[in-house]
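Data first, discussion second: the structure below is written as structure tokens.
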Amino acid sequence: MAEAPTAGSDEGSVDAFLQGGTSLRHAPGPYFGSYGGRWMPESLIAALDELEDTFEKAKADPEFTAQIADLNKNYSGRPSLLTEAKRFAEHAGGVRIFLKREDLNHTGSHKINNVLGQALLAKRMGKSRVIAETGAGQHGVASATAAALLGLECVVYMGAEDCRRQALNVARMELLGATVIPVTNGSQTLKDAINEALRDWVANVGHTHYLLGTAAGAHPFPAMVRYFHEVIGEEARAQILEQTGRLPDAVCACIGGGSNAIGIFHGFLDDPSVKIYGFEAGGDGVDTGRHAATITLGKPGVLHGARSYLMQDDDGQTIESHSISAGLDYPGVGPEHSYLADIGRVSYEPITDSEAMDAFRLLCRTEGIIPAIESSHALAGAIKVGQRLAAEGAAGEASDKIVIVNLSGRGDKDVATAAEWFDLLDKDSAEATIGKEGEQL
Amino acid sequence: MTSKSAIAIDKARAEGRAALIGYLPAGFPTVEETIAAGIALARNGADLIEIGIPYSDPVMDGPVIQAATTEALAKGFAVRQVFDVVAGITAETDAAVLVMTYWNPVVRMGVDEFSRRLAEAGGAGLITPDLIPDEAAEWMAASDKYGLDRVFLVAPSSSTERMRRTVEASRGFVYAVSIMGVTGARSSVSAAAEGVVAAAKAAGAERVCVGLGVSNAEHVAEIAAYADGVIVGTALVAAIRDGGADAVASLTRDLSAGLTRK
């Protein structure tokens, strides 16, 4: 196994902040540069303090870390595989592409890492009830799963529009014993589901934990959610060293709130030779106004407890986001990403619906893997990164380049949307109706 | 530093009663009607007026206020219009007029610029439901610069240490949240409210006003027995929704009957 390059070994990509030997890993919060913090009602501060205290003690408790390790291995199925995608890579300038297979986890995405950790913390705090927000239903299903496993009551808030579009995920959550409450106020989407969950939390905080689904929100959520997803980056780093003997040239992930991304990025933040890319939802295109490219086009502001980049108008009102991928359809982003963007450690770029769907189909047909549409944004980005890497190097050197893509989830949930997108259904079929409604995301 | 809110509360205190604070969302149903209702509030017994800025993500508000602010936004309410409302009311009345706002609209305009314009409009200060003193450095500086009141919230869940810190950072009065929950009329006032007021006073607060779930004269009387001021929101929003400024005037007269300490 080759030694990982140390800071300063690759002067072409060493950034100033790493030259001083400052580590970007394990940033504890509450602040990431000028981002993060606690922009929350006083009523909830005591609960955030209790959560922070419980989390800090749990991290240092071998019994807790052993519980997490056991659940990760024997329940979620970790470590997830690192799969080389050779036929897909032919379309990406001929570089080598490896997929971090979070799609193979129990419940089909990275979300399980975080919900198990937080549900265990809820038990430690003596709380009997968890609440969660969900967009397409992935985090809601994961939360309902963890609650069933650990014997907790679970209530999931979901925009009424999303409930209708994702009726099967509502059924899934109910099968798992959760109660799904459709949210009919505001834009009836993910951000309004978060608002409603916060209202529930403030009224029931004595026995309720808010199981937030992404690395955003008030401290300690961003640092805590990242902690539970750091296993992705740690595994990926060890696996690529084992399989190829060296670190990758680039790591790619999709960004909604940014939890899968911060999880895999964390493993490589202190490796200056590794370029890191976050791909935001470009929707219909960043010049159309219909997108969710928060870092690319947003401005710093405060929403849902943290200071971060935010899609907002001149009055500071939140703008509704748009993406074919419900999991990326959020007008905010985790504060650590805002910081990593500002210092230049991570490059954030938009990927349109159309680019993502092309990558979706390409992975299906070249590798026999149906990716989540969220993850397809990272795949589309990896194609661009691969082509750039190939163009930079001398002829024949592309095959020496290595790119890791975080395949954050499987695409079974997206088949109706994809079938509609690619016009694969009879016009009158029930599936066509579902697909049509799903496609209006 | 003189505080418009403190002066208004002390005036009520000198009259042997608690102060009445009434909330109205700006731009609901129109900017003009908010001004008219604000004037009606002041002329019928309110000592302080709280003008809310409609916001896209009002996490501390229940259904009635959400519906009102959503409607105001749908009709095109712009944040700068809150200064027109404040100026419109202060031009006609002696009431202290505060603005209640979620923090992002202030951040977007610039904390200093927002404060400057609020002071220029004759505003007394800000009530900030999602800003805690820990994050308020910019607002502390701007409110000092422009002589504005800083009304932070304390809750039944606030620790002794947080209570002390919040009281210390506040100017004008401290807003005691009566219940763990969001805005909205309730059938009875939470028993927790009196404890929150006592804790805030023990932490050094000179003036503590109670809000959340206060909707009628009986509630007002109950709170007036131990607090310096009583804050009414949802009931007034329902009044302006159903009967305009006249209904606001009538409800304010009813509410103010409960203020005198027995």
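The values are calculated or read from the model by the stated rules, or taken from the named source; none is laboratory data. As the structure is a prediction and not an experimental result, all values here were calculated from the model. Every residue, glycine as well, gets a Cβ built from its backbone with ideal geometry; the counts of neighbours run over all protein chains shown.
State yes or no: is B:V85 of a type outside the set (S, T, N, Q), closer than 27 Å to A:D192 by Cβ, away from every other protein chain (no Cβ under 14 Å) and assigned to a helix (DSSP H, G or I)? Yes: the conditions hold for B:V85.
Considering the range B:30-56, and only residues there that are crowded, with 22+ Cβ neighbours inside 10 Å and farther than 26 Å from B:A8 by Cα, the residue that is farthest from the other protein chains (Cβ to nearest Cβ) turns out to be B:Y55. Considering the range A:326-362, and only residues there that are among the β-branched types (V, I, T) and not in a strand (DSSP E or B), the residue that is surrounded by the most Cβ atoms within 10 Å (Cβ to Cβ) turns out to be A:V333.
Any residue that is crowded, with 22+ Cβ neighbours inside 10 Å and either touching a His at 6+ places or on another chain (Cβ under 8 Å) or part of a helix (DSSP H, G or I) (or both) - is there at least one of those in the range A:394-405? Spell out how you get there, then give the answer.
Of the range A:394-405, the ones crowded, with 22+ Cβ neighbours inside 10 Å are A:401-405.
Now drop any that are not either touching a His at 6+ places or on another chain (Cβ under 8 Å) or part of a helix (DSSP H, G or I) (or both), which leaves none.
No; the residues of the range A:394-405 include none that is crowded, with 22+ Cβ neighbours inside 10 Å and either touching a His at 6+ places or on another chain (Cβ under 8 Å) or part of a helix (DSSP H, G or I) (or both).
Mind checking whether some residue in the range A:215-232 is more than 9 Å from chain B (Cβ to nearest Cβ) and more than 26 Å from A:R124 (Cα to Cα)? No, the range A:215-232 has no match at all.
Just one residue in the set A:F17, A:F55, A:F98 is aromatic (F, W, Y), modelled with pLDDT of 95 or more and not in a strand (DSSP E or B); that residue is A:F55. Given the criteria without any contact (Cβ under 8 Å) to a residue 24 or more places away in the chain, at negative phi and of a type in the set (S, T, Y), does B:T93 qualify? When the stated conditions are applied, B:T93 does not pass them. A Cβ distance below 8 Å, combined with a sequence gap of six or more or placement on separate chains, defines the contacts here; from the range A:33-52, residues that are within 7 Å of chain B (Cβ to nearest Cβ) reach residues that are among the charged types (D, E, K, R) and in a loop (DSSP other than H, G, I, E, B) in the pairs A:W39/B:D130; A:M40/B:D130; A:P41/B:D130. Among the residues making up the range B:65-80, those that are more than 10 Å from every other protein chain (Cβ to nearest Cβ) and either of a type outside the set (A, V, I, L, M, F, W, C) or in contact with a Lys or Arg (Cβ under 7 Å, 6 or more places away or on another chain) (or both) are B:A68, B:T69, B:E71, B:K75, B:G76.
Number of residues in the range B:140-159 that are surrounded by 15 or more Cβ atoms within 10 Å (Cβ to Cβ), more than 12 Å from chain A (Cβ to nearest Cβ) and over 17 Å from the mean Cα position of the chain (by Cα) equals 3. Can you tell me which of (1) surrounded by fewer than 21 Cβ atoms within 10 Å (Cβ to Cβ); (2) in a helix (DSSP H, G or I); (3) touching a residue at least 24 places away in the same chain (Cβ under 8 Å) is the one A:E320 doesn't meet? Tallying (1) surrounded by fewer than 21 Cβ atoms within 10 Å (Cβ to Cβ); (2) in a helix (DSSP H, G or I); (3) touching a residue at least 24 places away in the same chain (Cβ under 8 Å), A:E320 fails exactly one: (2). Could you tell me whether B:G184 is surrounded by fewer than 22 Cβ atoms within 10 Å (Cβ to Cβ) and under 17 Å from the mean Cα position of the chain (by Cα)? So B:G184 fits the description; yes.
Among the residues of the range A:174-207, those identified as away from every other protein chain (no Cβ under 11 Å) and either within 12 Å of A:C154 (Cβ to Cβ) or free of Cβ contacts under 8 Å to residues at least 12 places away in the same chain (or both) are A:E174, A:L175, A:L176, A:G177, A:A178, A:T179, A:V180, A:I181. The residues of the range A:32-67 that are crowded, with 19+ Cβ neighbours inside 10 Å, farther than 15 Å from A:A306 by Cα and among the hydrophobic types (A, V, I, L, M, F, W, C), listed by number, are A:A47, A:L51, A:F55, A:A58.
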